[in-house]
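Working notes, beginning with the structure itself.
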Amino acid sequence: MCKYKHAVLIAWLVSCGACPAWAAQSAKQPAKSKPPIAVKRETVLVTVNGKNITESELNRMLMTRQVREDLRDKARDAFLEEMIDARLIQQFLDLRDTKATKQEIDAQVDRIREAAKQRGSDPDKVLADLGYTAGSLREEFAIPLAWKHHVDRAVPATRLKAYFDEHRPEFDGTKVKASHIIFRLRPGEEEEAWKQAEAKMSDIRKQIVKGQISFEDAARKYSQAPSKDDGGDVGEFPYVGKMPEQFSREAFRLKVGEISQPFRSKFGVHLCVVTGRKPGDLSLEDVREEVLARLSQEMWKQTVADMRKTAKIEWKVEKQATATPP
């Protein structure tokens, strides 16, 4: 799976009903139907090695991701960065002449159109309301399909097995039991607030390590989560599915009884201790798709990082001043 998921999301919107809800409304009231942001569709926001990213493309992404209108200005740059990444991946694939076939793209487009029809919607209207032309929809499908071809070629069975072996507990059903302490912060908080929380959490960790206070008592005294009443105990969990990604990543690195360094998640600053571990027994064959998806995502990120080193990225609009994310 690659990071560029616009087209996949469109299919989800059409098939699950999130899209028909507003599409139906616009069908009943065509005179009142209008895009959420009035734009000049030719306005260029960023160029990536001479290739444009336009305001209409950004608005289409915001619509398909169902970003609330009052949050769109604040979210603009993050989504533009994601679009820059996708342009770089597209250029990377073009350099290697790695492309999706016409038949593959046709199949994806037909799937969306059929899903819309089954829900009683006009496929052309649904896609037009989302800001898609037949050509732009096909272009968007082409990137993830071509990326899959690249991954299939670049990841032989030996590499996939080596990756699974290196990250086995994350895939084989292993569960850990952990407790944590958290200082809650929002992603939009100033960087200084995050640093202060980390410094305070470091002091708490020192007290625990020196035996001045137990982890459980520290959680009851300092944590800002409901689990504080249970000494910070969050129970047993696998790598994926229950806890935030950052939390699982840190917890699975620890040995039983080991205390993490302070770390950030989208919820705040944490301190974590693992209190138990139950090994899993799933094989590579059981989780092959999950392993390949994770490896594909890491390859995407690394490819983008490498491409950005030499790319000529020109912002035609002023970048927003935002707080440093966790």
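Derivation of every value follows stated rules applied to the coordinates shown; laboratory data play no part. Predicted model, so just to flag it, every value in this text is computed and none were measured. Backbone-built Cβ (ideal geometry, glycine too); neighbour counts: all protein chains shown.
Details
- Among the lysines of the range 49-170, pairs at least eight places apart or on separate chains and with Cα atoms under 22 Å apart come to 5.
- Among the GluC sites (Glu not before Pro) in the range 251-326, those located in a DSSP loop and surrounded by at most 15 other Cβ atoms within 10 Å of their own Cβ are Glu258, Glu285, Glu318.
- Anisotropy class assigned to the range 146-287 is prolate, per the alpha carbon gyration tensor with a/c at or over the 1.5 cut-off and a/b larger than b/c.
- Computed over the chain, the per-residue total of -39500 (n - 2.57) for DSSP H runs of n ≥ 4 gives a 222 nm mean residue ellipticity of -17000 deg cm²/dmol, rounded to 500.
- Exposed loop sites, defined as trypsin sites (Lys or Arg not before Pro) outside DSSP H, G, I, E and B with at most 13 other Cβ atoms within 10 Å, are absent from the longest region of the chain, namely 97-209.
- Divide the volume of the convex hull around the Cα atoms of the range 115-222 by the residue count and you get 280 Å³ per residue.
- Rg over Rh, two decimals, the range 34-151 (C-alpha only, Kirkwood Rh): 0.98
- In summary, the aspartates and glutamates within cross-link reach of Lys200, defined as a Cα separation below 14 angstrom excluding same-chain residues under 8 places away, comprise Glu192.
- Evaluated at q = 0.07, 0.08, 0.09, 0.14 Å⁻¹, a Debye calculation over the C-alpha positions of the chain (equal weights, vacuum) places log10 I(q)/I(0) at -0.39, -0.51, -0.64, -1.25.
- Fraction in percent of alpha-carbon pairs per bin - 10 Å, the range 237-326: 12, 28, 33, 20, 7, 0
- Long-range amide H partners of Val46 with built H, under 5 Å: Ile53, Lys316
- The loop-placed GluC sites (Glu not before Pro) in the range 42-125, going by DSSP, that have at most 16 neighbouring Cβ atoms within 10 Å of their Cβ come out as Glu42.
- With the convex hull drawn around the C-alpha atoms of the range 88-172, the volume per residue stands at 156 Å³.
- Viscosity 1.306 mPa s, 10 °C: Kirkwood-radius Stokes-Einstein D of the range 44-93 over Cα pairs, µm²/s: 141
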